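A short write-up of the structure that comes next.
The values are calculated or read from the model by the stated rules, or taken from the named source; none is laboratory data. Every value quoted in this text rests on a predicted model; they were computed, and no experiment measured them. Positions of Cβ are generated from backbone atoms using ideal geometry, with glycine treated the same way; all protein chains shown enter the neighbour counts.
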Amino acid sequence: MLLTCGAAVPLPRAVDTIEWGVPMASYVIETDGLTKQWGDLVAVNELTIAIERGECYAFLGRNGSGKSTTARMLLDFIRPTRGSARVLGGSGADPAVRARVGYLPGDLNLARSMTGRDAIEFFGSLGPAPDRSVVDSLVERFALDPSRPVHELSTGNRRKVGLVLAFMGDPELLILDEPTSGLDPVLQEEFRDLVAERKAAGVTIWLTSHVMAEVERVADRVGLIGDGKLARELTMADLRRQSTGRIVFSFDGPRPASAFSELPGVTSAEAEGSDVAVTVDGSTAAVLRKAGEMGASAVQTERRDLDDIFLELFEHTQS
């Protein structure tokens, strides 16, 4: 089930000939030097990424950094200036490939007179009808009133319509641009649960988001984009290690902070009576091992906020 960022466009489907379990390319999304330029403006600059089947990849950056432009190039809504992109082993321009993708654009644009129910029926009519129980479940989960016209809906309620449309066709790949924008915290949590369920079923997910709790909950890897260029990729395990931050070890008497200062990843170590406070950037394995050798009787960690870590990373990528 595919939506455009403008008016809805009927797209043929080929789900009768493309079945789950058929051998496919190892990467669900691949780009090689993908670039989009309008005059002097380079919106996406030499982007090269590879996303595996069943992975959730969060593509993060400030507004105007090239995230939405990338999504549109993946599905051939706009053509790259140079470079290439492959989706599900083929071209995003291929209707058979598009039929296996659920897409939620950053700016969902439906006919003003169309109701949510109209949209579900229209897009559902473009191929084999989606399972009615799946549609009903999605409508209920997102507390959507499908009888209301689009022009009466708030930003959050239009987002609900888009989420139902993106998920209802049981896609193999989900491309979601700011999927929870305008949703309240309860529905944001519902979205995270839904993504976790689809991931467990082997669905691949590419998303953009400004909600760090969402990223931490659902993503396997994160790509940071700044000024159209991929600045850094990290696993969520990398980010969680960075969030550990400050560790305070308690001993039965004073211990020298210098015992920790030269260990890998330690940025500071300070003795405070019979405690030693250590700040770690990266793995804590060496620090914990040393504390054990020195007879630590207790350990307390102080986690850094993930939002602060991302801000710090973006500052480094922009400098």
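Anything in the stretch 123-139 that is more than 28 Å from the chain's Cα centre (by Cα) and either of a type in the set (S, T, N, Q) or at pLDDT 90 or above (or both)? List them, or say none.
Within the stretch 123-139, just Ser125 meets the criteria.
Sort out which residues of the stretch 255-286 are in contact (Cβ under 8 Å) with a residue 12 or more places away in the chain, among the small types (Gly, Ala, Ser), out of contact with any Pro (no Cβ under 8 Å at 6 or more places or on another chain) and under 21 Å from Asp238 (Cα atoms), and write them in order of number.
Gly265
From Leu144, Leu104, Leu88, which residue is without any contact (Cβ under 8 Å) to a residue 40 or more places away in the chain, under 23 Å from Ile205 (Cβ atoms) and of a type outside the set (Val, Ile, Thr)?
Leu144
Just to verify a result, which residue in the stretch 175-184, among those that are surrounded by fewer than 23 Cβ atoms within 10 Å (Cβ to Cβ) and not polar (S, T, N, Q), is nearest to Leu207 (Cα to Cα)?
Glu178
Only residues that are part of a loop (DSSP other than H, G, I, E, B) and small (Gly, Ala, Ser): list them for the stretch 27-70, please.
Gly39, Gly54, Gly61, Gly64, Ser65, Gly66
Sort out for me the helices (runs of 4 or more DSSP H) sitting completely within the stretch 115-232 that have 3 or more residues that are of a type outside the set (Gly, Ala, Ser) and at positive phi.
none
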